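Report on the following structure.
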Amino acid sequence: MVEEIYQSTKEEREKWIEEKDYNLFNLESEKVFIDLLTDSGTGAMSDKQWAEIMTGDESYAGSRSFHQLKNTVNKITGFDYLLPTHQGRAAENVLFSALVKEGDVVPGNSHFDTTKGHIEFRKAHAIDCTIDEAFDSEIIHPFKGNIDLNKLEKVYKEYGKEKIPFTLITITCNSSGGQPVSIENIRNVRELSNQYQIPVFFDGARFAENAYFIKEREEEFKNDTIKEIVLEMFSNGDGMTMSSKKDGLVNIGGFIALNDKELYQKCGNFGIIYEGFLSYGGLAGRDLAALSQGLDEATEYSYLKSRISQVEYLGNKLIEYGIPIQQPIGGHAIFIDAVKFLPNISREEFPAQTLGIELYKEGGIRGVEIGTILADRDPETRENRYPKLELLRLAIPRRTYLQSHMDYIAACLKNLFDRRHEISSGYEITWEADILRHFTVKLKKK
Ligand code: F0G
């Protein structure tokens, strides 16, 4: 598909963003020239996926498309049981309804915000056990999504299996910059968790990109296919939640895949009330069929190489300009260190959000704040939580933009970087929701 985009003027953009309370989520998409808000559901489907859309089976129960997807998920992940859901957070809702109760703790590498939201909504706690290197944007480490085993064991010792329903490994780790987790680390987490009898689940939203980095960076796997690596990764877990809008290469969808029949049945009950019958989970038959094809394409090396190289191309240009970004460059996005980019803006004035607004005004480019606004307030003290990193994420949609778009983005950022010392004030919140405030927050200039 080819879509027309409109190049607005700086004056127009200044007016539009003020009208929208300086929240980039509030902008109509026509007012955005290059949309890097997310890589979720924003990619282009292939000819073969569109063919599947035409032949999907829309039976309410037991459709052919469901069985096709179930076979693909089994072939790719190794998990036996499949529950489709309408997107990733719905998979979290269904799985956590079955597993997480008040007072529990769920350790892992940095949980994504909806994941943390679903845990905290149940009055449980998400505990971040990511390695320390992840939080220094300049340290080069091949697997910055890795879990620190000492931190994890400390949590296991403190809470034990009664309070820990599972450990969650998010691949790739979105919150620490789209950074991968190595198989070595996954195996070690599995071993430690076995000792403490704690199940291991994956948040697999970008599992194929994770496998690509393993092939490129982990010696043992350099000659393996992506599909072989994916099977090896998931063989260390009891199940997974999936946002198919990322590495499923579809515009909507999610699923839970599991090994345990009893847990599948328990989740199935929640699936039916929240999502729909077991064989469609809030999706049309054609969505399931397109996803089956998408999963197959996303786990091909040639696709992953072109996708991740495009992200790298943009990142390398920014590095060349001296712009501080999270390194090594992640799989789905460039993460700009906003505290370093805007030295005159204090943490209280939201530097990453400020940078996002400036970039929109500069070039009509929409990124997203991964910083203090996203981090929400502490559920008990209601104080702002200041995460270790204050990032502006530029997520690159799959199979959508060209190299010339990347050049344009880099040029706009360079212009901003050259005049960064002139940007001397940030924003304050005038209204916010109790949870997941970043979607609807209202701001005004300081
Ligand atoms: N897990 C991870 C790692 C994610 O990045 C997301 C979504 C989800 C779960 C939830 O999936 O959106 O299908 O409900 N991330 C998007 C993003 C929204 O922009 O990073 P969903």
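The values are calculated or read from the model by the stated rules, or taken from the named source; none is laboratory data. All values derive from a computational prediction rather than experimental measurement. Because the Cβ atoms are built from the backbone with ideal geometry, glycine has one as well, and the counts that use them run over all protein chains shown.
Among what's in the stretch 132-163 and is part of a loop (DSSP other than H, G, I, E, B) and touching a Ser or Thr at 6+ places or on another chain (Cβ under 9 Å), pick the residue that is surrounded by the fewest Cβ atoms within 10 Å (Cβ to Cβ). Give the derivation first.
Here is the first cut: in the stretch 132-163, the residues part of a loop (DSSP other than H, G, I, E, B) are 136-146, 148.
Next cut, touching a Ser or Thr at 6+ places or on another chain (Cβ under 9 Å) only: 142-146, 148.
Numbers: PRO142: 14, PHE143: 25, LYS144: 28, GLY145: 30, ASN146: 26, ASP148: 17.
Per the criteria, the residue is PRO142.
The rows are residues; the columns are (1) under 21 Å from ASN146 (Cα atoms); (2) buried (at least 21 other Cβ atoms within 10 Å of the Cβ); (3) free of Cβ contacts under 8 Å to residues at least 12 places away in the same chain.
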| residue | (1), (2), (3) |
| --- | --- |
| GLU220 | yes, no, no |
| LEU231 | yes, no, no |
| MET240 | yes, yes, no |
| GLY248 | no, yes, no |
| GLU262 | no, no, yes |
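Give the residue, chosen from SER176, SER235, that is of a type in the set (Ser, Thr, Tyr) and more than 21 Å from the chain's Cα centre (by Cα). Talk me through it step by step, then tell me what you get.
On the way: SER176 fails: more than 21 Å from the chain's Cα centre (by Cα).
None of the others qualify; the one that does is SER235.
Being of a type outside the set (Val, Ile, Thr) and crowded, with 24+ Cβ neighbours inside 10 Å is the filter here; which residues of the stretch 167-183 pass it? So that I can check it myself, show each step before the final result.
In the first step, residues of the stretch 167-183 are kept if they are of a type outside the set (Val, Ile, Thr); the result is 168, 173-180, 182.
Hits for the stretch 167-183 are LEU168, CYS173, ASN174, SER175, SER176, GLY177, GLY178, GLN179, PRO180.
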Pairs, please: C-beta under 6 Å, at least 6 apart or cross-chain, first residue among the β-branched types (Val, Ile, Thr) and in the stretch 109-133, second within 14 Å of the ligand (Cβ to nearest atom)?
THR114/ARG89; THR115/GLU92; ILE119/VAL106; ILE119/ALA126; THR130/ASN109; THR130/SER110; THR130/SER176
Hey, any hits in the stretch 401-419 for a residue that's touching a strand residue (DSSP E or B) at 6+ places or on another chain (Cβ under 7 Å), buried (at least 23 other Cβ atoms within 10 Å of the Cβ) and closer than 30 Å to GLU209 by Cα?
yes
If you go through the stretch 165-182 one residue at a time, do you hit one that is out of contact with any Phe, Trp or Tyr (no Cβ under 8 Å at 6 or more places or on another chain) and under 29 Å from SER97 (Cβ atoms)?
yes
Tally the residues that are surrounded by fewer than 22 Cβ atoms within 10 Å (Cβ to Cβ), outside any loop (DSSP other than H, G, I, E, B) and within 15 Å of the ligand (Cβ to nearest atom), restricting the search to the stretch 74-90.
1
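Restricting attention to the stretch 204-212, does a residue exist that is within 12 Å of the ligand (Cβ to nearest atom), modelled with pLDDT of 95 or more, assigned to a strand (DSSP E or B) and under 18 Å from ILE76 (Cβ atoms)?
Step one: list which residues in the stretch 204-212 are within 12 Å of the ligand (Cβ to nearest atom), which gives 204-207, 209-210.
From what is left, the residues that are modelled with pLDDT of 95 or more are 204-207, 209-210.
This time we only want the ones that are assigned to a strand (DSSP E or B), so: none.
No, the stretch 204-212 contains no residue that is within 12 Å of the ligand (Cβ to nearest atom), modelled with pLDDT of 95 or more, assigned to a strand (DSSP E or B) and under 18 Å from ILE76 (Cβ atoms).
Per-residue answers, yes or no, for (1) part of a loop (DSSP other than H, G, I, E, B); (2) of a type outside the set (Gly, Ala, Ser); (3) on the phi < 0 side of the Ramachandran plot:
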| residue | (1), (2), (3) |
| --- | --- |
| LEU263 | no, yes, yes |
| PHE277 | yes, yes, yes |
| SER306 | no, no, yes |
| ILE334 | no, yes, yes |
| ILE357 | no, yes, yes |
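Take GLU228 and decide whether it is farther than 28 Å from GLY281 by Cβ, outside any loop (DSSP other than H, G, I, E, B) and not β-branched (Val, Ile, Thr).
On the way: farther than 28 Å from GLY281 by Cβ: yes; outside any loop (DSSP other than H, G, I, E, B): yes; not β-branched (Val, Ile, Thr): yes.
For GLU228, the condition - farther than 28 Å from GLY281 by Cβ, outside any loop (DSSP other than H, G, I, E, B) and not β-branched (Val, Ile, Thr) - is met.
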Could you check the stretch 381-402 and list, in sequence order, the residues that are part of a loop (DSSP other than H, G, I, E, B), of a type in the set (A, V, I, L, M) and within 18 Å of the chain's Cα centre (by Cα)?
LEU389, ILE396
What are the pairs, 6+ residues apart or on separate chains, where a residue within the stretch 393-408 that is within 11 Å of the ligand (Cβ to nearest atom) has its Cβ under 6 Å from a residue that is acidic (Asp, Glu)?
ALA395/ASP39; PRO397/ASP39
Restricting the search to the stretch 412-422, which residues are touching a Phe, Trp or Tyr at 6+ places or on another chain (Cβ under 9 Å) and under 17 Å from ILE34 (Cβ atoms)?
LEU413, LYS414, LEU416
Suppose the filter is over 16 Å from ASP337 (Cα atoms) and hydrophobic (A, V, I, L, M, F, W, C); does LEU402 pass it?
yes
Scope the stretch 217-248; condition among the aliphatic types (A, V, I, L, M) and closer than 22 Å to SER40 by Cα; matching residues:
ILE226, VAL230, MET240, MET242
